[in-house]
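Asks: The following block contains the structure, expressed as structure tokens.
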Amino acid sequence: MVMIHLIPGDITEQSVDAVVNAANSSLLGGGGVDGAIHRKGGPEILSECRALRASRYGRGLPTGQAVATTAGRLPARWVIHTVGPVWSATEDRSGQLASCYRESLRVARELGARTVAFPAISTGVYGWPIDDGARIALNTVREETEGDEELEEVRFVLFDQRAYDAFTAAL
Ligand code: ADP
């Protein structure tokens, strides 16, 4: 059975097989989680991202998809980059947000990762309300890991008290 844990803290400090990055479609860095991962992980991550832009993802990584690179100097083996949807009050984009969690787990399994750490995708710069983001994250990960024999732990790493409280309530 896959254990789901909520951890207050910084995703760049997690010793896990794979950390998920709340990237943007350029794959070339940004703020929030993305900035922290590139800053601490060093230039090796960015150079693999550039190589992805020059090959498979010439137009960028589409929203809801995921792709892996090295984790550089982070205490993890891989970074799985996924692009969350920007929150919209007029359009339901929750399918795209669920897809980020699902596709990241699919990539993690392909890599043979047993422990995976997620941030609360889209709930920062992309403006997704934290309560709803927490609900979608937990429901999708629960559904997607049911009966999984290989994954051991999925960890949600929550940067502030509000996010931690929202995930606790949703769990
Ligand atoms: P997005 O653009 O997908 O909204 P952000 O990186 O702006 O991504 O924010 C996603 C969530 O991650 C927010 O809840 C934010 O508070 C949180 N966050 C920011 N930095 C970190 C970090 N170093 N570790 C874990 N979570 C973080």
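Just so it is clear, none of the values below were taken in a lab; they were calculated from the coordinates. None of the values given here were measured: they were computed from a predicted structure. A quick note on method: Cβ atoms are made from the backbone with ideal geometry, for glycine too, and the neighbour counts reach across all protein chains shown.
Asks: Can you bin the stretch 76-152 into rounded, prolate or oblate? Criterion: square roots of the alpha carbon gyration tensor eigenvalues sorted a ≥ b ≥ c, rounded for a/c under 1.5, prolate for a/b above b/c, oblate for the rest. Walk me through the numbers before you get to the answer.
Replies: Working: a/c = 2.37, a/b = 1.78, b/c = 1.33.
Judged from the Cα gyration tensor, the stretch 76-152 comes out prolate (a/c at least 1.5, a/b above b/c).
Asks: Oh, and also: Sum up the charges of everything whose Cβ sits under 14 Å from the Cβ of Arg102, counting Lys and Arg as +1 and Asp and Glu as -1, but leave Arg102 out.
Replies: Details: positive: Arg106, Arg109, Arg142; negative: Glu103, Glu110, Glu143, Glu144, Glu146, Asp148.
Net local charge, Arg102 excluded: -3.
Asks: Next question. How much net charge surrounds Leu46 when only other residues with a Cβ under 14 Å from its Cβ are counted (Lys, Arg +1; Asp, Glu -1)? Can you show the working numbers first?
Replies: Values: positive: Arg39, Lys40, Arg50, Arg53, Arg73; negative: Asp34, Glu44, Glu48.
Summing Lys and Arg as +1 and Asp and Glu as -1 gives +2.
Asks: Using the crude model of +1 on Lys and Arg Cβ and -1 on Asp and Glu Cβ, and no other charge, please compute the dipole size for the chain relative to its Cα centre, in debye to 20.
Replies: Charge dipole, the chain, about its Cα centre: 660 debye, nearest 20.
Asks: Just to be sure I understand the model, the point goes 7 Å from the Cα along the line to the Cβ. What's the resulting Met1 to Ser47 distance in nm?
Replies: 4.5 nm
Asks: Please identify, among Ala36, Ala137, Ala108, the residue showing maximal mean-square fluctuation in a Gaussian network model of the chain using a 10 angstrom Cα cutoff.
Replies: Ala36
Asks: I would also like to ask the following. Give me the extension gain from Glu146 to Thr90: residue separation times 0.36 nm, minus the current Cα-Cα distance, reported in nm with one decimal. Walk me through the numbers on the way to the answer.
Replies: Working: separation 56, 0.36 × 56 = 20.16 nm, distance 3.22 nm.
So the chain would gain 16.9 nm between Glu146 and Thr90.
Asks: Taking the chain as a Gaussian network, Cα atoms linked when under 10 Å apart, which of Ala117, Ala89, Ala71 shows the biggest mean-square fluctuation?
Replies: Ala89
Asks: Under the rule a/c < 1.5 gives rounded, and otherwise a/b versus b/c splits prolate from oblate, where does the stretch 3-170 land using the Cα gyration tensor? Present the calculation step by step, with values, prior to reporting the outcome.
Replies: Numbers: a/c = 1.38, a/b = 1.17, b/c = 1.17.
Because its axes are fairly even, with a/c under 1.5, the stretch 3-170 counts as rounded.
Asks: Just to verify a number: FRET efficiency for Thr168 and Ala54, C-beta to C-beta distance, R0 = 35 Å, to 0.05?
Replies: On the way: r = 42 Å, r/R0 = 1.20.
Once the sixth-power term is evaluated, E becomes 0.25.
Asks: So how far, in whole Å, is the C-alpha centre of the stretch 60-76 from the one of the stretch 112-171?
Replies: 17 Å
Asks: Find me the longest stretch of the chain that has none of the exposed GluC sites (Glu not before Pro), where exposed means in a DSSP loop (not H, G, I, E or B) with at most 16 other Cβ atoms within 10 Å.
Replies: Numbers: sites that count: Glu91, Glu146, Glu149, Glu150, Glu152.
Result, exposed sites excluded: 1-90.
Asks: Report the extension gain between Asp10 and Asp131 in nm, rounded to one decimal, defined as 0.36 nm multiplied by the number of residues separating them, less their alpha carbon distance. Don't jump to the answer; show the numbers that get you there.
Replies: Values: separation 121, 0.36 × 121 = 43.56 nm, distance 1.94 nm.
Gain in length upon complete extension: 41.6 nm.
Asks: Calculated from DSSP H runs of 4 or more alone, at -39500 (n - 2.57) each and per residue, what is the 222 nm mean residue ellipticity of the chain, nearest 500? Display every interim value, and only then the final one.
Replies: Numbers: 5 runs with 66 residues, N = 171.
For the chain, the value works out to -12500 deg cm²/dmol.
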